[in-house]
Amino acid sequence: MIYSWEQHQNLSRLVSDAADTDKGVALALMGIGLLMLANDLLSKESVNNSFLKHCEF
């Protein structure tokens, strides 16, 4: 699952809003959001590395 930067920012805003009412839910959502962002960044890095291996300089 690949999310755009805007979608990650929207998730962070939702977590911030949830923190005002329920800190436990906000903490859980923050953890999930960080895992999703890390996964997306790792996928992007893998694609970039794969592309560079096939390019000749």
Filter region 10-42 for residues that are under 9 Å from the mean Cα position of the chain (by Cα) and either surrounded by fewer than 10 Cβ atoms within 10 Å (Cβ to Cβ) or polar (S, T, N, Q) (or both) and give the result. ASN39
I'd like the full set of residues that are more than 12 Å from LEU29 (Cβ to Cβ) and of a type in the set (Gly, Ala, Ser), limited to region 1-17. SER4
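No lab work stands behind these numbers, since they all come straight from the coordinates. All figures in this text were calculated on a predicted structure; none of them were measured in a lab. Here Cβ is always computed from backbone atoms with ideal geometry, including for glycine, and neighbour counts include all displayed protein chains.
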